[in-house]
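Taking it in order: structure first as structure tokens, then the write-up.
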Amino acid sequence: MPVHQSGTAIGRTVVVWVMIMTKHLGSQLLNEPREAAPPRKPNSPEDQGKDTGRCLGAGLKTMNGSNPVVGGDGDLEALKEKALLIVHNAIQGAKDTLRELQKKEAGAKYEVPNIAWMRCEDFTIGKGLLQIEEYMRTWELHESWLHWTNYLDEEELKYSMRYCYRVRWSIPTCRKPIPRATACVYFVIEVSKIRPTTLPIEVFFVVETNKLIHRPGESRFKEKWLKEVIESKISLMETIYF
């Protein structure tokens with residue numbers, strides 16, 4: 001399970017497991033054979049008289065508002081104790097299972113997709129654009145997203161050269177082929193002047209309105225970043241009247 005899918009699914013699994021275990025153990029308890037009561041010896045005339053007196057006494061107590069005499073209290077208490085034990089064991093088992101699942105999820109390692117970037121000596125502006133396109137194909141985006149990539153400019157630093165690219169993302173539809181807003185992702189390819197030319201180029205990117213710098217192979221791109229940018233732009237435009 002991807003990790004962006006997790007706590008709710010685990011909780012539901014544990015609840016279902018508790019229900020199944022409780023039902024199974026409860027049916028097992030109900031179907032458990034009970035010891036048959038020993039046959040009762042026939043009463044003598046004197047014992048029958050005593051039993052009749054006990055029954056009359058119990059009836060008088062019931063008529064006077066006292067608690068009636070209920071048979072089988074010992075069996076009922078034993079049944080309650082077994083039921084409580086079953087529920088306790090089921091809950092404890094569910095807690096242990098949930099704890100193990102959380103440990104496995106915390107220790108799971110998720111691979112971040114990346115590509116093999118070209119060497120510094122092989123870099124050209126056109127090849128850089130093609131590699132950016134190749135890298136973006138590793139992103140998990142819905143097929144309705146469309147984009148347009150273009151080269152912006154270059155910046156010369158003391159120890160490297162930086163080449164900037166912009167990728168505009170949007171979701172055009174049949175009703176609105178021209179989207180109301182777009183979300184941009186800015187890529188920077190850095191070619192070192194002092195490092196060996198056989199080493200790969202360095203690449204990083206930022207999402208519009210966000211200052212966090214992402215590097216391929218270190219962070220997983222999320223579709224919601226683009227949606228948040230577009231939604232914020234549309235919300236801002238709705239507050240402006242011309």
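Given the pairs 158/211; 104/211; 127/193; 158/222; 211/233, which are separated by over 25 angstrom at their Cα positions?
Exceeds cut-off: 104/211; 158/222.
Please list the non-local residues whose amide H lies under 5 Å from the amide H of residue 199, H modeled 1.01 Å from N, same-chain partners needing a gap of 5 or more.
HN-HN under 5 Å from residue 199: 120.
In Å and on Cα atoms, what radius of gyration and Dmax does region 120-238 show?
15.9, 53
What size of dipole, in debye to the nearest 20, comes out for region 115-166 about its Cα centre when the only charges are +1 on Lys and Arg C-beta atoms and -1 on Asp and Glu C-beta atoms?
Taking the Cα centre of region 115-166 as origin, the dipole is about 80 debye.
Going highest first, how would you order 121-129, 142-150 by mean Cβ packing within 10 Å?
121-129, 142-150
Given 0.36 nm per residue, what is the gain on full extension from residue 77 to residue 162 after removing their alpha carbon distance, in nm? Kindly include the intermediate steps, with their values, before the conclusion.
Working: separation 85, 0.36 × 85 = 30.60 nm, distance 8.00 nm.
Taking residue 77 through residue 162 to full extension adds about 22.6 nm, to one decimal.
Which one of 213, 196, 92 is farthest out on the positive end of the charge dipole of region 85-242, using unit charges on Cβ (Lys, Arg +1; Asp, Glu -1) and the Cα centre as origin?
92
A short reminder: the numbers here are calculations on the coordinates, not readings from a lab. These figures come from a predicted structure and were not determined experimentally. Positions of Cβ are backbone-derived with ideal geometry, glycine not excepted, and every protein chain shown enters the neighbour counts.
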